[in-house]
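The values are calculated or read from the model by the stated rules, or taken from the named source; none is laboratory data. Since this is a predicted model, take the numbers as computed values, not measurements. With ideal geometry, Cβ positions are generated from the backbone for all residues, glycine too; neighbour counts draw on all protein chains shown.
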Amino acid sequence: MESELLKSLKTGFMDKNLGSFSYYQPKLIVNDKKEKKKILSTLLYELRHCESFVFSVAFLSKSGVAVLINTLEELQQKGVRGEVLVSQYLNFTEPEALKSLLQFDNIDLRIVTNGDFHAKGYFFKYPTHYSMIVGSSNLTAPALTTNKEWNLYVVGMEHSKLIEDSLEIFYQEYHQSKKVDDRYIKAYEKIYIHQGPLQIAPKEQVAEHRLPAAEDQLDYTADSGYQTNNGYTTDFISTLKPNPMQYEAMENLTKIRRGFDGKPKQDKAMIISATGTGKTYLSVFDAQNFNPERLLFVVHRGNIARAAMNSYKEVFGSLKSMGLFSGGHKDTDKDFVFSTVQTLSKEYNLKIFDPSTFDYIVIDESHHAGAATYQKILSYFKPKFLLGMTATPERTDGYNVFKDFDHNIAFEVRLHRALDENMLCPFHYYGVTDVSVDVEGDSKEVSFDKLTSGERVKQIIDKSKFYGTDNGKIHGLVFCNLTNVAEELSRKFNKRGFNTIALTGKDSEEGREAAIERLEMEEETDKLDYIFTVDIFNEGIDIPKVNQIIMLRPTQSAIVFVQQLGRGLRKTQGKEYLTVIDFIGNYQNNYLIPVALYGDGSYSKDRLRKLVATGSTEIPGASSINFDRIAKEEIFKAIDTANMQLKKDLDRDYDLLKFKLGKVPMMMDFVAHGSRDPMLYVRYSNSYYNYLSLREETYQDQLDEKAKKVLEFFSLHVANGKRYEELFVLEALLGINVEKSSQAYVDVQGNQEVRIDEISTNEISKKELMESSLACDYLNNLTEKKLTSAVININLQFMKERFEGKLIPINEKYNIQILDQKRYEVEGVLAFSNEFINHLQHPVFKECFLDQLSYGIYSFQKDYNPSKDIDGFVLYRKYARKDVFRILGWDENPLAQNVGGYMISKDHKDCAIFVNYHKEEDISSTTKYEDRFITPDLFQWMSKSRRKLDSKDVRTIGNYKEHEMRLPLFVKKHNDEGFEFYYMGDTEPLVEQFEEQKMDTDNGKSVSVVKMMLKLKSPVPHEMYEYITSKEG
């Protein structure tokens, strides 16, 4: 280790270009939203691998414990001990955080009560060394996830001066500090409650280590989504200002009403915005902008109508008279009327108003617009402008909500953007194993007795206490799958000292409002701890103080999951975060949990596995996602067994997007609207045209068989987004501006900018094309070899199919030629073949071809990172064997069984290595290779069986320098991941460490094999390393 550490120190402090083991290199650890880096990831990695740990922090918050608590529990189970020293400096350390850490008997918790102790350091002990993080980060969620923090990461030997000096200083403070116990916490809690943190700045700004800019005292109020001076509402109308999201939406609404980009004026629009992001105030500000004489606001509950009216009064004051049209209120003569749909939809009530009475009508929760009561209202009134507002416009009943608003979507902000822009309260999600639910399949098979057993009740209570809340007080919602289960669990909670109630559809609105009021109480004796319910609180309620949600039902819908999660995400004063505890049983639909949590509607199995494995890395802001080991395994199992290409699911998402757009959606429409990965439709039907021909009469029987085959092979083998050269050639020949790459063809929303009838069919010389490639951001040195390889693949010569007992190129089997091969070979000119030009004359072919080309460009660009591009491969992106060999420039795709784990090119210039990391138990003994990572930049790899040190392929690899051989490494976690492998980087064989070994065969004999060590030129990041090497998933 000493020699590797010395090399790493030279890299870190002398020359960054010196090769060394990255783990030992000193480095700056920061939060970087763009690069999806969080200090938390490094901290969790170190905790999971160390023998013991030491923390020294000035400030400890409950949110800081919340992001680590699952890992700390794992360490307790493994017997890994820790010492934690915190400070009472400024009274910032939270008593609830101390209580939470005190749950762990493997942690010795102490506090400095005198002086101004402000040191931040994290130490992790290993058998041979210590790793150490010293810098600005306290143990708070913002400090570990979102704040601009600087922390230096260094590795040192146990007896090095740096480590010994640092630990000596730590233990000087540690031994003089006070041991934290229940008695101390009670005493400190009194100080904390009565004095509070010493406010040299607002507490949340101390946590974020920043003071407000003097010229910008505006801040989002916690509970409304609008801005006020210094966070306080006043009686002056001028103090209320739209937040950035509302400004953007208002600008779009104004454009829609005026007409823009050649589109006519519109009198209807829809706002799609996550719960808690200020939709009601947005409508207030837009109404102020529109200035109607009369306004109608339609809701489905009386309490919401009253709340909306109060919001309008805050902006309009006495400028407009306002009243209710609901229940016993019939304020028909007011300027602004706030009505429930139930009251207004009655025939005799509608007739009170003339259809043109209201200039401006707002339909709240407009996803209900398909109901007969809403339709009655919508068809009766003729306003000058109609605005619909909803968080979830997608309907599963087949109704097209979007048509009621002429498909005009003025603004859309879903959960993750809202979290990213700090519009919502952060949440900490914990997926825990539901010990009482172990039945496979449908949740309805689980008995009532199991769902309400004493064992389950105890587990729910234990976990609710273990994870707790942000401030120690409970304002909780519990979602159950059955009404009788909710009622029984509420009864059993009450027997154990809680104060809870079960609400069902039978309860009156008044009863629900009374229960909500009790839930939001602070200290009153009548306060509720929990409301148990099934689905009546999925939407349309506002309980800002909810700080814990418990999910006791299987996830059957990602939409419902987000709705229920959203019940606790509204900001309010004194609420730091939401705790979400999800009890996960053995259910088939568990794969929907990551779909909902991460907002990933692509339904890509690989993507979902990675998201679950990496936890909080890709969740925006200070939120975190945590699973216990068994719950994680249940989700991985569900992902593995799920069929992501069921026609009913493909059809559902297609219909939803068609409703939204008001037209037949193309592949890039799925991209633009964050819907299902359109390549799933291609894989289901071999081309998107084939799928359209199944769904739309206008696409049926439009193309002949050869044109359909061209689209199929082009979609599957050319424009799948794995290599850019083919796409670049086609862009040039179609007359698209190659200097701007695909941005001349597709805008950032994925909308087609170049009209289909504007493309041309050019011809261009090799030389001109290679010169123009220099201006392309997505190509790195377009050589003639790469260009020829691209031409071979475009012309479908690379891939083969069986014909009359032998494998031949696809273009020969089907007599297809996209480019004029002869002109390329003889004249050095790239041009389309006459046959393909004829295909392009057909508008349907042209539309589908350009759409697939556009998707290929988008797919490549979205994952492209020039710093991770290594001669055609992007680090940690997935490639199938066929993609690897075409990117390496091979003339034909070799048979997979001939490749096995690796294959050397005929010219010895490359050897692609393919590793299935976690191999099945039932494979042949001679293929149970011990391939594994030794460290993030050192890989142990085994040759094919029956090889010796003097075998031809082993010798060729050993002479890699002489051959100038490239050895890229591709790894997949296991075979359930499918046919694609992650590109882990290029490797360099450590020839001096080649070792001939023996491996057993199935018949008890042994055969030779060569073990090789491969040095990765780019060390694998922590998250990817953890994902690949962990047996979970």
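In the stretch 68-176, which helices (runs of 4 or more DSSP H) lie fully inside it and hold 3 or more residues that are closer than 22 Å to ALA622 by Cα and touching a Lys or Arg at 6+ places or on another chain (Cβ under 9 Å)?
Per the criteria, 95-101, 141-145.
Conditions first: (1) of a type outside the set (D, E, K, R); (2) farther than 25 Å from ASP628 by Cβ; (3) not in a helix (DSSP H, G or I). VAL435 passes all but one, so which condition is the exception?
(2)
Name the residue, out of SER339, SER311, that is of a type in the set (Ser, Thr, Tyr), in a strand (DSSP E or B) and touching a helix residue (DSSP H, G or I) at 6+ places or on another chain (Cβ under 7 Å).
So the residue among SER339, SER311 that is of a type in the set (Ser, Thr, Tyr), in a strand (DSSP E or B) and touching a helix residue (DSSP H, G or I) at 6+ places or on another chain (Cβ under 7 Å) is SER339.
When you scan the stretch 875-980 for helices (runs of 4 or more DSSP H) that lie fully inside it, which ones turn up with 3 or more residues that are buried (at least 16 other Cβ atoms within 10 Å of the Cβ)?
881-887, 952-958
With the checklist (1) surrounded by fewer than 18 Cβ atoms within 10 Å (Cβ to Cβ); (2) modelled with pLDDT of 90 or more; (3) not in a helix (DSSP H, G or I) in hand, flag the one item ASP677 doesn't pass.
Looking at each condition in turn, ASP677 falls short on (1).
Condition check: within 30 Å of ASN17 (Cα to Cα), in contact (Cβ under 8 Å) with a residue 24 or more places away in the chain and of a type in the set (Asp, Glu). Does GLU977 satisfy that?
No.
For the stretch 749-805, give me each residue that is basic (Lys, Arg) and either more than 19 Å from ASP891 (Cα to Cα) or modelled with pLDDT under 85 (or both).
ARG755, LYS767
Each row is one residue, and each column tells you yes or no for (1) modelled with pLDDT of 95 or more; (2) under 27 Å from LYS473 (Cβ atoms); (3) β-branched (Val, Ile, Thr).
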site	(1), (2), (3)
GLN77	yes, no, no
SER100	yes, yes, no
VAL134	yes, no, yes
ALA141	yes, yes, no
VAL154	yes, no, yes
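Out of the stretch 69-118, which residues are among the hydroxyl-bearing types (Ser, Thr, Tyr) and within 19 Å of LEU43 (Cα to Cα)?
THR71, SER100
Please pick out the residue among ILE559, ILE549, ILE536, ILE543 that is in contact with a Lys or Arg (Cβ under 8 Å, 6 or more places away or on another chain), touching a residue at least 60 places away in the same chain (Cβ under 8 Å) and surrounded by fewer than 22 Cβ atoms within 10 Å (Cβ to Cβ).
The conditions single out ILE543.
To keep it simple, each residue is scored yes or no on (1) over 22 Å from GLU173 (Cβ atoms); (2) part of a strand (DSSP E or B).
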{"position": "LYS10", "(1), (2)": "yes, no"}
{"position": "ASP15", "(1), (2)": "yes, no"}
{"position": "LEU18", "(1), (2)": "yes, no"}
{"position": "LEU28", "(1), (2)": "yes, yes"}
{"position": "TYR45", "(1), (2)": "yes, no"}
{"position": "ARG48", "(1), (2)": "yes, no"}
{"position": "VAL54", "(1), (2)": "no, yes"}
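Do we have SER602 as under 10 Å from the mean Cα position of the chain (by Cα), under 21 Å from LEU419 (Cβ atoms) and among the small types (Gly, Ala, Ser) here?
When the stated conditions are applied, SER602 does not pass them.
If only one of SER345, SER339, SER318, SER366 is small (Gly, Ala, Ser) and in contact with a Lys or Arg (Cβ under 9 Å, 6 or more places away or on another chain), which one is it?
Only one candidate qualifies: SER345.
Those residues that are polar (S, T, N, Q) and either in contact with an Asp or Glu (Cβ under 6 Å, 6 or more places away or on another chain) or under 26 Å from HIS428 (Cα atoms) (or both), I need them from the stretch 132-163; list them, please.
SER136, SER137, ASN138, THR140, THR145, THR146, ASN147, ASN151
Of the residues that sit in the stretch 71-90 and are within 26 Å of ILE625 (Cβ to Cβ) and of a type in the set (D, E, K, R), which one is surrounded by the most Cβ atoms within 10 Å (Cβ to Cβ)?
For the stretch 71-90, the residue satisfying everything is GLU73.
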